[in-house]
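Okay, so here's the structure we're looking at.
The values are calculated or read from the model by the stated rules, or taken from the named source; none is laboratory data. Here the structure is a predicted model, which is why all the values come from computation and not from measurement. Don't worry about glycine lacking a Cβ; one is built from the backbone with ideal geometry, like all the others, and counts go over all protein chains shown.
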Amino acid sequence: MSNTIESHLIETRVFKPSDGFAQRALIPSLDQYRELYQQSIQDPDGFWSKQATELLLWRKKWDTVLKWEAPFAQWFVGGKLNVSENCLDRHLNGPRRNKAAIIWEGEPGEVRTLTYQQLHREVCKFANVLKRNRVQKGDRIIIYMPMCPEAAIAMLACARIGAVHSVVFGGFSSEAIKDRLNDSQAKLVITADGGYRRGAIVPLKKNVDEALKDNTLVERVIVFRRANNEIAITEGRDVWWHREMEYVDPQCEPEALDSEDPLYILYTSGSTGKPKGILHTTGGYLLGVTITSKYIFDLHEDDLYWCSADIGWVTGHSYVVYGPLSNGATTFMYEGAPNWPELDRFWKLIEKYAITVFYTAPTAIRAFIRWGDSYPKGHDLSSLRLLGTVGEPINPEAWIWYHTVIGGGRCPIVDTWWQTETGGIMITPLPGAIPTKPGSATLPFFGVDAAVVDETGKEVPPNVGGKLIIRRPWPSMLRTIWGDEARYEKQYWSDFPGYYFTGDGARRDEDGYFWIVGRIDDVLNVAGHRLGTSEIESALVSHPSVAEAAVVGRPDELKGQAVVAFVTLKQGTTALPELRDQLRQHVATMIGAIARPDDVRFAEALPKTRSGKIMRRLLKEIAAGGKVTGDTTTLEDLNVLAALRGSDE
Ligand code: WT7
């Protein structure tokens, strides 16, 4: 039996960048992309050396571009620079000085704008606050904040003095903070009294207090006043952000850091096991996020760029804060939920601020589809010129909806594949150069040597599924798992020695385009056929009644695995019994009888992690008829699970 993953859902639609878009784009043609890509692969040292010189400001030039002792990479060895200087100071000498760096809207509706000059001043002051509180280079700092400018200020202030931040998503509980405090051995926490979410106040400081109950390492908690909710103050430990800021002066020289000095640790929200502290360092990471932001979002001086991710995820690090600011762009931040106070909040924001580039996740897009077209259609979205997605494979039908209803048919979509570990985008269209196909992340970015291989590490022919690997180091790659080199080596570099294994399954089509089918653990084995769950899900979502689908396997004596589909329907559609058979037939027509779900279950909602990834592990347990036993702490809404179980019994 072959071990390859079969692929049956073939998407044939192709969207070329319009002439208008391409003419103005930073990379305006496929030929130009190919030429640069060739250079980056044939002479990586020359390519990266040139980019690092052009795109970043160095205090001292590097001696060696790459030192590679597999699986450990060092980039720009001997070079010195500072991330906050690159994101701020270097924009102060010209017209960007008074350009907006951050435009922010709180959930209740307040608006703040910080120019580069203002942001620089705040960061310098807060860096002095950190110093005043005995933070030194190399110390770990936990940041647990709402989406507000101070979250970015805290990150940049750490970077300025060489402290290592670890941002914990504001939706996580005190348990999650505790784990991360312990693993990182942090000595200071930056938080806020509370933050707004769907009209309620999230008690951030209270969660920190809870997490610190038996902690002996944390000496200081700095509290930003955001929501004015009542909090407890522990004398001698807790201090107010605004009070501290009164004691410091606004000059703070950026520390000249080694290119390989740590910049941050970010814990991945993995659905099983102990969280992994992914370590990113300074020079390579900054170059990676700078160059990808520039060319993939095609940043022009007059863009207003909005990435809707929370700073608690890597997307928030790379594409809300570091990438855009390093490019001198204006980054828009919004504090709250997309459905507050109404289901049109995002479209209201896009209209009000005339946002030009919008980057969000497929899970959000599917929610918008479910809520209905009337919400975006009630707003003028004509300022948009470019759209992006990240986080999961996007179902072709969701792609088409995004393109038509949000993009008005005129905006290219960049479907960007990457991971917390990769630091920056790896496989993606360049919007003025690469024709897109709905559901494909298209081609590798500069310097990315991606391939799809079989179990033996051999590249598979076109349209045959396999494992997605990266065959050489890249500047923004993770350097290790914090405190666990053995796990780093085993997790990423042992399946195919010398190569990075992404954990994802994929295929390439005859044009070399990558189609990511999701985590390899999500591949089903049905009667000897290996099927990616995402294809079956996409087939289901292409049915007019379906909003969202999750497919899992259930042990089956005959077939090995039976296909079980959990489906949520569009608003206004009823779950009639005949729809079940229609959907099964629909999949058989779209993909083939082999993929026909054995069981279709209608659900009100699907269990998701806080970052919007469907927790298939839980669905698998439900499909198998058992109780849910595994860890559910990353689940966003426990009620969803109860409802699913109810329909089961
Ligand atoms: C995993 C990484 C990278 C920031 C957000 C997620 C899946 C991500 C895509 C895409 C298909 C995608 C992969 C990947 N993924 N982007 N465009 N198409 N799948 O970061 O939590 O580290 O997750 O998300 O499975 O391995 P993360």
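Please work out which one of (1) without any contact (Cβ under 8 Å) to a residue 60 or more places away in the chain; (2) part of a strand (DSSP E or B); (3) within 22 Å of GLY312 (Cα to Cα); (4) β-branched (Val, Ile, Thr) is the condition VAL65 fails and give its number.
(3)
For segment 527-551, enumerate the residues that are surrounded by fewer than 24 Cβ atoms within 10 Å (Cβ to Cβ) and part of a strand (DSSP E or B).
HIS529, ARG530, ALA547, listed by residue number.
Would you call VAL111 surrounded by fewer than 21 Cβ atoms within 10 Å (Cβ to Cβ), among the β-branched types (Val, Ile, Thr) and modelled with pLDDT of 95 or more?
Yes; evaluated as a whole, the condition is true for this residue.
State whether one or more residues within segment 83-91 are in contact with a Leu (Cβ under 9 Å, 6 or more places away or on another chain) and surrounded by fewer than 17 Cβ atoms within 10 Å (Cβ to Cβ).
The answer is yes, given that some residue of segment 83-91 is in contact with a Leu (Cβ under 9 Å, 6 or more places away or on another chain) and surrounded by fewer than 17 Cβ atoms within 10 Å (Cβ to Cβ).
Got at least one residue in segment 462-480 being farther than 27 Å from PRO275 by Cα, touching a helix residue (DSSP H, G or I) at 6+ places or on another chain (Cβ under 7 Å) and not polar (S, T, N, Q)?
Scanning segment 462-480, I find no residue that is farther than 27 Å from PRO275 by Cα, touching a helix residue (DSSP H, G or I) at 6+ places or on another chain (Cβ under 7 Å) and not polar (S, T, N, Q), so the answer is no.
State all residues of segment 576-614 that are in a loop (DSSP other than H, G, I, E, B) and modelled with pLDDT of 85 or more; if no residue qualifies, say none.
Hits for segment 576-614 are LEU576, ARG596, PRO597, ASP598, ALA603, GLU604, ALA605, LEU606, PRO607.
Could you please find all residues in segment 11-58 being in contact with an Asp or Glu (Cβ under 8 Å, 6 or more places away or on another chain) and either more than 26 Å from ASP303 (Cβ to Cβ) or in the same structural domain as HIS529 (by TED's automatic domain parsing) (or both)?
ILE41 - this is the single residue of segment 11-58 that is in contact with an Asp or Glu (Cβ under 8 Å, 6 or more places away or on another chain) and either more than 26 Å from ASP303 (Cβ to Cβ) or in the same structural domain as HIS529 (by TED's automatic domain parsing) (or both).
Considering only segment 311-325, I want to know if a residue exists there that is more than 16 Å from the ligand (Cβ to nearest atom) and either under 19 Å from the mean Cα position of the chain (by Cα) or without any contact (Cβ under 8 Å) to a residue 12 or more places away in the chain (or both).
Within segment 311-325 (the criterion being more than 16 Å from the ligand (Cβ to nearest atom) and either under 19 Å from the mean Cα position of the chain (by Cα) or without any contact (Cβ under 8 Å) to a residue 12 or more places away in the chain (or both)), the answer is yes, since at least one residue qualifies.
Which of the residues spanning segment 499-512 are surrounded by fewer than 23 Cβ atoms within 10 Å (Cβ to Cβ), more than 18 Å from the chain's Cα centre (by Cα) and within 14 Å of the ligand (Cβ to nearest atom)?
The one that is surrounded by fewer than 23 Cβ atoms within 10 Å (Cβ to Cβ), more than 18 Å from the chain's Cα centre (by Cα) and within 14 Å of the ligand (Cβ to nearest atom): PHE501.
How about segment 516-526: which of its residues are within 9 Å of the ligand (Cβ to nearest atom) and part of a strand (DSSP E or B)?
ILE516, VAL517, GLY518, ARG519 - these are the residues of segment 516-526 that are within 9 Å of the ligand (Cβ to nearest atom) and part of a strand (DSSP E or B).
Do we have any residue at all in segment 41-49 that's surrounded by fewer than 19 Cβ atoms within 10 Å (Cβ to Cβ) and not in a helix (DSSP H, G or I)?
Yes, because at least one residue in segment 41-49 is surrounded by fewer than 19 Cβ atoms within 10 Å (Cβ to Cβ) and not in a helix (DSSP H, G or I).
Filter segment 377-426 for residues that are closer than 20 Å to SER538 by Cα, within 7 Å of the ligand (Cβ to nearest atom) and of a type in the set (Val, Ile, Thr) and give the result.
If the condition is that a residue be closer than 20 Å to SER538 by Cα, within 7 Å of the ligand (Cβ to nearest atom) and of a type in the set (Val, Ile, Thr), then THR389, VAL390, ILE394, THR416 are the ones that fit.
Among the residues of segment 335-358, are any within 16 Å of the ligand (Cβ to nearest atom) and not assigned by TED's automatic domain parsing to the domain that holds HIS91?
Looking for residues that are within 16 Å of the ligand (Cβ to nearest atom) and not assigned by TED's automatic domain parsing to the domain that holds HIS91, one finds at least one in segment 335-358, hence yes.
Criterion first (touching a strand residue (DSSP E or B) at 6+ places or on another chain (Cβ under 7 Å) and within 16 Å of the ligand (Cβ to nearest atom)) does LEU266 satisfy it?
yes
Right, TRP418: under 18 Å from the mean Cα position of the chain (by Cα), aromatic (Phe, Trp, Tyr) and at pLDDT 95 or above or not?
The answer is yes for TRP418.
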